[in-house]
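Structure record follows, encoded as structure tokens.
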Amino acid sequence: MVLTYTMRRPIIPYNPKLKEKARWLRNNSTKSEAFLWNFLKGKQMHGFDFHRQRPVDQYIIDFFCQELYMGIELDGYSHLLESSMDWDIKREKRLKELGISIIRFWDDEVFNDLDNVLRVIEIQVLERSRFFR
């Protein structure tokens, strides 16, 4: 699916039952989420509005920019478990069907290679903004 700025973007569905869980996750952020949030909040990334722990469909995305249909996920070691990997694949496939692009980083990358993490996010923001603005 190719979206351009002239097309009206579809409404992204979400499960209202996830709102409370998303609020809990925002109030109990991981250290890597709290750290990265300092660089995404307040439209710091080229003027785009990111939200933390945003319900989308049947999932909650760590950071989500609705204007760009772009999500950012931070993964810890629990994502190395086979069951988590299968769930992540299923989740990412569904989000892709909705036109949402997901960027994944390991928690360690946020702390040990922040410049590169921000560079990758910036490149994706600029690339996707060509289609959505």
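The value of relative contact order for the range 22-132, using C-alpha pairs under 8 Å at least six residues apart, is 23 percent. Sort the range 22-132 into rounded, prolate or oblate with this rule: let a ≥ b ≥ c be the square roots of the eigenvalues of the Cα gyration tensor; rounded if a/c is under 1.5, and if a/c is not under 1.5, prolate when a/b is larger than b/c, oblate otherwise. Verdict is rounded for the range 22-132.
Going down the list Lys41/Lys90; Lys21/Lys90; Lys21/Lys41, which pairs span over 25 Å between their C-alpha atoms?
Lys41/Lys90
No lab work stands behind these numbers, since they all come straight from the coordinates. Just so it is clear, the structure is predicted and the values come from calculations on it, not from any experiment.
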